[in-house]
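*Asks:* So that we are looking at the same thing, I have put the structure below in structure tokens.
No value in this document is a laboratory result; all are computed from the given coordinates. The model shown is predicted, which means the values in this text are computed figures rather than measured ones. Neighbour counts run over all protein chains shown; Cβ positions are idealised from the backbone, glycine included.
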Amino acid sequence: MARTEKNGGGIVHDVLIVGGGPVGMGLAIELGQRGLRCAVVERYETIQPIPKGQNLTQRTMEHFHFWRAERELRAARTVPADYGIGGLTSYGTLLGGYHYDWLQRELVRPYYFTDNERLPQYATEAVLRRRAADLPTVDLLYDTVAEDLDQDADGVTLVVRDRLGSGRRTLRGRYLVGCDGSHSTIRDKAGLTQTKTDHDRLMVLLVFRSPDLHDLLARYPGKSFYNVLHPDLDGYWQFFGRVDLGNTWFFHAPVPPGTTHDSFDFAAYLHRAVGAEFKVAFEHIGFWDLRIAIADAYRTERVFIAGDAAHSHPPYGGYGVNTGFEDARNLGWKLAAVLQGWGGPALLNSYDAERRPVFASTARDFIEKAIDSDRLSTAEQKSSIGRRKSRPPDAARGERREGVARPEFPACGVGDFLRGFSLPFGRGFERDDSCRRSSRGC
């Protein structure tokens with residue numbers, strides 16, 4: 001059972017958690033509600049105001065419900081509750097006209113206990129922190145950095161230091177879980193290796209304010225995120241997302257190697273992606289490498305990893321934070337079972353056996369194939385545009401009068417791949433009302 005003891009200057013916990021982001025805090029709540037004593041070691045007391053990890057699935061919201069945090073999370077939404085949180089994909093430019101809706105999660109709503117949600121990750125983190133602080137079984141150690149670990153037959157010793165000073169101490173726990181991100185100290189110190197797939201792409205993350213862009217996108221009511229597929233980007237997305245309604249946005253897209261804050265015209269890049277000029281005020285410019293990484297094991301003896309420490313990928317489909325929450329729920333109840341005596345030690349091996357194949361499939365069967373499918377689709381469309389431009393105008397007009405779908409924008413693009421999941425995600429590229437009537441569902 002949970003206990004607190006002095007041992008060599010450290011405090012004995014059932015579980016030590018390194019990393020107080022969404023996954024680490026979710027795991028702490030899962031364990032704390034089950035009566036287990038845990039400590040969360042988090043580098044920063046102040047939440048980093050970067051709006052990543054916005055889409056929360058119905059399954060994730062079920063977790064929040066049982067963590068007794070669903071109501072507060074929905075109240076923290078930065079876009080009004082009556083505004084839609086769906087998305088669309090557009091070809092060429094955001095305002096170019098050819099587009100299709102995707103991720104129509106409302107169509108699978110009857111199969112879940114509660115609705116999905118969308119809000120910036122920093123708002124989600126704030127809700128989780130408050131919920132964890134309410135639990136007497138959870139100790140929150142902010143401005144604390146994990147440096148090293150040592151494990152033995154009885155538990156794990158973690159060496160930590162004060163981020164704002166030089167003081168060091170040790171913590172003692174029966175198990176340790178690293179939820180400390182893609183550059184995980186715990187993963188490295190535990191000797192857990194990774195397999196990486198590098199797409200050799202430098203990506204930019206822009207956070208900016210622009211009421212003008214909100215006005216330009218009024219033609220797409222009820223949408224909160226937008227993908228642009230451009231043939232020159234070889235299948236990689238330009239991705240816009242709302243942070244709030246009417247003012248703040250974020251944007252992911254490939255940039256040339258070696259791009260810096262000062263060497264690139266980011267406003268012009270946004271204008272080209274949208275297909276119109278508008279006023280922009282930047283709040284954040286950051287860079288990341290587009291790669292997929294998965295740990296070769298999620299456990300070594302008494303040390304586990306979860307979330308981005310175990311697996312990381314580009315922000316395709318909103319899988320990142322949701323996959324991490326699934327890790328937390330899966331591992332949480334199993335740790336509780338073993339520590340409270342109603343599960344055998346072998347149960348903990350099932351965490352790796354169940355969770356690692358899920359991410360491997362996500363990376364292989366969705367993300368990698370989506371990039372390849374988008375690459376092929378945009379190349380075909382670019383070629384078709386060239387053919388159409390060389391045709392007599394009368395032929396094209398006659399084709400429209402007969403109601404035939406335009407060949408240069410096939411009715412099924414990325415949706416051909418998504419159809420393999422038997423879920424109502426995608427439809428063909430559409431152009432205004434005339435193309436909606438002629439496109440077939442994917």
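*Asks:* Taking the mean number of other Cβ atoms within 10 Å as a proxy for protection, how do you rank 332-341, 163-172, 239-248, 177-186 from highest to lowest?
*Replies:* 177-186, 239-248, 332-341, 163-172
*Asks:* Ordered by residue, what ³J(HN,Hα) values in Hz, to whole numbers, does the stretch 186-195 give under the Karplus form 6.51 cos²θ - 1.76 cosθ + 1.60, where θ = phi - 60° and Gly and Pro are x?
*Replies:* Couplings: 5, 4, 5, 5, 7, x, 8, 8, 10, 10 Hz.
*Asks:* Over what distance in Å are the Cα centres of the stretch 278-322 and the stretch 202-229 separated?
*Replies:* Cα centroid of the stretch 278-322 versus Cα centroid of the stretch 202-229: 22 Å apart.
*Asks:* Please compute the length gained on full extension between Ala75 and Trp333, using 0.36 nm multiplied by the number of residues separating them and subtracting their Cα-Cα distance. Mind showing how you got there, number by number?
*Replies:* Details: separation 258, 0.36 × 258 = 92.88 nm, distance 2.75 nm.
The span from Ala75 to Trp333 would gain 90.1 nm if fully extended.
*Asks:* Now, a different point. Between Ala268 and Thr197, what's the calculated FRET efficiency when r is the beta-carbon distance and R0 is 30 Å? Round to 0.05.
*Replies:* Values: r = 31 Å, r/R0 = 1.04.
E between Ala268 and Thr197, to the nearest 0.05, is 0.45.
*Asks:* Ok, one more. Mind jotting down the distance between the C-alpha centroids of the stretch 100-178 and the stretch 35-61, whole Å?
*Replies:* Cα centroid of the stretch 35-61 versus Cα centroid of the stretch 100-178: 5 Å apart.
*Asks:* Ok, one more. Can you give me the Kirkwood hydrodynamic radius for the stretch 244-331, using every pair of distinct Cα atoms, in Å to one decimal?
*Replies:* Values: mean 1/r = 0.0615 Å⁻¹.
Evaluated over the stretch 244-331, this radius sits at 16.3 Å.
*Asks:* Rounded to whole Hz and in sequence order, give me ³J(HN,Hα) for the stretch 24-41 from the Karplus expression 6.51 cos²θ - 1.76 cosθ + 1.60, θ = phi - 60°, writing x for Gly and Pro.
*Replies:* The phi angles translate into x, 5, x, 5, 4, 5, 4, 6, x, 5, 8, x, 8, 7, 9, 10, 10, 9 Hz.
*Asks:* Please list, in chain and number order, the residues 5+ apart from Val177 or on another chain whose amide H is under 5 Å from its amide H, with Hs placed from the backbone.
*Replies:* Amide H neighbours of Val177, under 5 Å, 5+ apart: Leu16, Ile17, Val18, Phe304.
*Asks:* So, one more: Could you order the peptides 145-153, 207-215 from most to least packed, using the average number of other C-beta atoms within 10 Å per residue?
*Replies:* Values: 145-153: 14.9, 207-215: 17.2.
Listed from highest to lowest mean packing, they are 207-215, 145-153.
*Asks:* Less than 12 Å Cβ to Cβ from Leu119, Lys/Arg counted +1 and Asp/Glu -1: what total charge do the surrounding residues give?
*Replies:* Working: positive: Lys52, Arg74, Arg77, Arg118, Arg242; negative: Glu72, Glu117, Glu125, Asp244.
Around Leu119, the surrounding residues sum to +1.
*Asks:* Using modelled backbone amide H atoms (1.01 Å from N, in-plane), which distant-in-sequence or interchain residues come within less than 5 Å of Tyr220's amide H?
*Replies:* Those lying under 5 Å, H to H, from Tyr220: there are none.
*Asks:* Could I ask something else about it? What does the highest-first list of 12-21, 65-74 look like by mean Cβ count within 10 Å? Kindly include the intermediate steps, with their values, before the conclusion.
*Replies:* Values: 12-21: 28.0, 65-74: 16.9.
Put in order of decreasing packing, that is 12-21, 65-74.
*Asks:* Taking amide H atoms as placed 1.01 Å from N in the peptide plane, list the residues 5 or more away in sequence, or in a different chain, whose amide H sits under 5 Å from that of Glu283.
*Replies:* Long-range HN contacts for Glu283: Val207, Phe208, Arg209.
*Asks:* While we're looking at this one, here's another question. Across the stretch 178-266, what fraction of all alpha-carbon pairs, as a whole percent, falls in each successive 5 Å bin from zero upward?
*Replies:* Percent of Cα pairs in each bin: 3, 10, 16, 16, 16, 15, 12, 8, 3, 2, 0.
*Asks:* Going 7 Å from the Cα of Ala126 in the Cα-to-Cβ direction, what parts of the stretch 29-51 have a backbone nitrogen less than 13 Å from that spot?
*Replies:* Zone members listed by number: 46-51.
*Asks:* Starting from the alpha-carbon convex hull of the stretch 8-155, give the projected area averaged over all orientations, in nm².
*Replies:* On the way: hull surface 49.9 nm².
Average projection, Cα convex hull of the stretch 8-155: 12.5 nm².
*Asks:* Right, something else. Among Pro80, Val23, Gln48, which residue has its Cα positioned farthest towards the positive end of the charge dipole of the stretch 5-80, with +1 placed on the Cβ of Lys and Arg, -1 on the Cβ of Asp and Glu, and the dipole taken about the Cα centre?
*Replies:* Farthest towards the positive pole: Pro80.
*Asks:* Between Thr260 and Asp365, what is the label-point separation in nm under the 7 Å Cα-to-beta-carbon projection?
*Replies:* About 4.5 nm separates the two model spin labels.
*Asks:* Could you calculate the FRET efficiency of Val108 with Ala297 from 1/(1 + (r/R0)^6), where r is the beta carbon distance between them and R0 is 45 Å, rounded to 0.05? Kindly include the intermediate steps, with their values, before the conclusion.
*Replies:* Values: r = 33 Å, r/R0 = 0.72.
With a Förster radius of 45 Å, E is 0.85.
*Asks:* Continuing with the same structure: To the nearest 0.05, how large is the calculated FRET efficiency for His65 and Tyr44 if R₀ is 30 Å and r is the Cβ-Cβ distance? Please report the intermediate quantities before stating the final value.
*Replies:* Numbers: r = 28 Å, r/R0 = 0.93.
Calculated transfer efficiency: 0.60.
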